[in-house]
1. Please work out if Ile114 is aliphatic (A, V, I, L, M) and open to solvent by less than 30 Å² (accessible area, probe 1.4 Å).
2. Out of the residues in region 6-16 that are of a type in the set (A, V, I, L, M) and surrounded by fewer than 24 Cβ atoms within 10 Å (Cβ to Cβ), state the one that is farthest from the chain's Cα centre (by Cα).
3. Looking at Ile206, Ile120, Ile169, Ile189 in this structure, which one is within 16 Å of the chain's Cα centre (by Cα) and either among the hydrophobic types (A, V, I, L, M, F, W, C) or open to solvent by less than 30 Å² (accessible area, probe 1.4 Å) (or both)?
Amino acid sequence: MKKHIVVLTGAGISAESGIKTFRDANGLWEGHNVMDVASPEGFAKNPELVLEFYNQRRKQLLEVKPNKAHFDLVQLEQNYNVTIITQNVDDLHERAGSTNVIHLHGELLKSRPISSDKEIYDCKTDIVLGDKNKKGEQLRPHIVWFGENVPLIDKAVSICETADVLLIIGTSLQVYPAASLMKYAPKYIPKFYIDASPAPTNDISIQVIPKKATIGVKEVINILDK
C-alpha cells in the first residue's frame, strides 16, 4: 500500500504564480480593511464592494498559471497517496493535475447563495447584485470569511491523523484553525516545513527548509526518494 502524504499549503505557494498574498503588514488587502471585504458584516454593509473585490481576484486568478511547486506535488502521486489540504481559494493545484484537494477556505471559482454553504455553483465570471438562485437569494463568493465556520476542518483533521508524511508549504502558521492541523499528524512521522520566511515552530520533529516552494518541494521529493 502506498504511503499517505498529507500536504498543507498556504499563500506562499500561490504567490510564486503571481497571486498576491493575503494581506500586507498593515492588515490591508489590496488597499481595503480585511474585515470590510472578508466578513459577513462587510458584505451586509457594502455588498457591491465585496462582490467587486472578489471579481477582481477572480480575473487575476484566470490570468495566472500553476508553478513548478504545484507540478512537483503532482509528481508525488506517482509513488504516494497524496492529499492536499489548502488554505488557498485558487484552483492552481487542480490545474496542475493534483487529484485530491480540500479547500478549507472555499473556492474563488465557485459561488453560493447567502443562506447556504451546501448549494454551490461553478463561477468563472463576475458576481453582481441581482445574481440570484432559483429561490431568489443573492449569490456570493464561495469563500469562508472571518467569523464563519470552516465546514471541512473536521475532515481535514481526520486526514492529518492518517498521514505517513506531513508536508507544510508556504504558510505563516498564523491562520487558525488551519494552523492547528499539523498537531493532529502522528508524532513520529517525517515532517517538512517549506517557506521562504518560515515561522518559528516549537516542534523539533519538523525539518524546516527555509526556501521558496519552487525549490523546497523538489528537495523534499529527493529526500523521500532516497
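The values are calculated or read from the model by the stated rules, or taken from the named source; none is laboratory data. These numbers come from a predicted model, not from an experiment. Every residue, glycine among them, receives a Cβ derived from its backbone with ideal geometry; neighbour counts consider all protein chains shown. Accessible surface areas use protein heavy atoms only, side chains included; no ligands, DNA or RNA. Shrake-Rupley method; radii C 1.70, N 1.55, O 1.52, S 1.80 Å.
1. On the way: aliphatic (A, V, I, L, M): yes; open to solvent by less than 30 Å² (accessible area, probe 1.4 Å): no.
No: the conditions fail for Ile114.
2. Within region 6-16, the subset of a type in the set (A, V, I, L, M) is 6-8, 11, 13, 15.
Narrowing further to those that are surrounded by fewer than 24 Cβ atoms within 10 Å (Cβ to Cβ): 11, 15.
Numbers: Ala11: 7, Ala15: 12 Å.
Filtering region 6-16 for residues that are of a type in the set (A, V, I, L, M) and surrounded by fewer than 24 Cβ atoms within 10 Å (Cβ to Cβ), the one farthest from the chain's Cα centre (by Cα) comes out as Ala15.
3. Working: Ile206 fails: within 16 Å of the chain's Cα centre (by Cα); Ile120 fails: within 16 Å of the chain's Cα centre (by Cα); Ile189 fails: within 16 Å of the chain's Cα centre (by Cα).
On inspection, the qualifying residue turns out to be Ile169.
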